[in-house]
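The values are calculated or read from the model by the stated rules, or taken from the named source; none is laboratory data. All of these numbers come straight from a predicted model, not from anything done at the bench. Reconstructed Cβ throughout: ideal geometry from the backbone, glycine too, with neighbour counts over all protein chains shown.
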Amino acid sequence: MQRPDASVDVARLFDDAERAQLARLRRPTDRLAFVTGHSLLRRMLAEQAGVPPDEVRLGYRCLACGGAHGKPAVVTPTGYHVSLAHTAGCVAVAVTTLGPIGIDVEPAGAVTFDGFPDVALAEHERTAVGRLNAEERPRALTMLWVRKEAVLKATGHGMLMAPSNVVVSCPPTPPKLLAWDGADPPRGPIHLVDLPVSGWYAASVAVLAAEVPRVMLSAGPGAWQRRERGLIEPRRQQRGKRRSAELGGVGAERVGGHRAVPVRGCPAPQ
């Protein structure tokens, strides 16, 4: 992962809704994260669909307030599902044709503050974390969180549903949705995959689909590598070239060092 090119032609590439969202952001780090995430999403979607990035059309509708923001939906090209995540110094994007998808990324140890387990974890998860060594708990807590967020984004609930109602496996156990303790359960299987992003971060992606997703990693658009299953490491690059990691596809890029890039607005999924 690497600092992105901030010279994206927003006026040409983005639509009216995206330009309006961007105009509401005042902090340079927020604006850079938005431009990076949405341009990366368009590049990845265009790469997989075989169309120019400026032909990609996205729609937005917040489940909480009905506003033109929240999780993006692909209008054209048809048949694709996407998700987008922002965190401290990083954005991540997921694209697939299998079904609704959600992605989340957080700095490792980001959720180790007092009270987090009581608010966000189910009893089963708190018990699993309690069995770990003290040095294993910070990353395990972060992985639990990104797994939950990925599931809630994929289902469309986002933070409209209490995260403690979504029970996922605890590392080092492979990622899996164990229980859904709430209304409107997912219709069909949910597949969870943890992503091999930089050691500074923890990331996971969830897909609602009958088919088990294949993971595809890349050194950037146009450089796909494939395996039938499991995770593969991105190949090494020459210095100065952009790096990203992608699943069917998933991409992540570093933004402006490690300063916080908070997500603002309604608690709807992205």
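Residues of the range 1-46 being basic (Lys, Arg), modelled with pLDDT under 75 and part of a helix (DSSP H, G or I), which ones?
Matches in the range 1-46: Arg12 only.
Please verify whether Val168 is under 23 Å from Asn133 (Cβ atoms) and touching a residue at least 24 places away in the same chain (Cβ under 8 Å), treating the condition exactly as stated.
Values: under 23 Å from Asn133 (Cβ atoms): yes; touching a residue at least 24 places away in the same chain (Cβ under 8 Å): yes.
Yes; evaluated as a whole, the condition is true for this residue.
When you go through Gly89, Gly115, Gly109 one by one, which is the residue that is under 16 Å from the mean Cα position of the chain (by Cα) and closer than 27 Å to Pro163 by Cβ?
It is Gly89.
Which is of a type in the set (S, T, N, Q), at pLDDT 90 or above, closer than 30 Å to Asp16 by Cα and surrounded by fewer than 18 Cβ atoms within 10 Å (Cβ to Cβ), of Thr127, Thr78?
Values: Thr127 fails: closer than 30 Å to Asp16 by Cα.
Testing whether each residue is of a type in the set (S, T, N, Q), at pLDDT 90 or above, closer than 30 Å to Asp16 by Cα and surrounded by fewer than 18 Cβ atoms within 10 Å (Cβ to Cβ) leaves just Thr78.
Pick from the range 81-110 the residues that are modelled with pLDDT of 90 or more and part of a loop (DSSP other than H, G, I, E, B): which of them is surrounded by the most Cβ atoms within 10 Å (Cβ to Cβ)?
Filtering the range 81-110 for residues that are modelled with pLDDT of 90 or more and part of a loop (DSSP other than H, G, I, E, B), the one surrounded by the most Cβ atoms within 10 Å (Cβ to Cβ) comes out as Pro100.
Yes or no: Thr127 in a helix (DSSP H, G or I), within 26 Å of Gly70 (Cβ to Cβ) and not basic (Lys, Arg)?
The answer is no for Thr127.
Residues being surrounded by 15 or more Cβ atoms within 10 Å (Cβ to Cβ) and either modelled with pLDDT under 85 or not in a strand (DSSP E or B) (or both): count how many of those fall in the range 172-195.
Residues in the range 172-195 being surrounded by 15 or more Cβ atoms within 10 Å (Cβ to Cβ) and either modelled with pLDDT under 85 or not in a strand (DSSP E or B) (or both): 2 in total.
Without any contact (Cβ under 8 Å) to a residue 40 or more places away in the chain and under 20 Å from the mean Cα position of the chain (by Cα): does that describe Met143?
no
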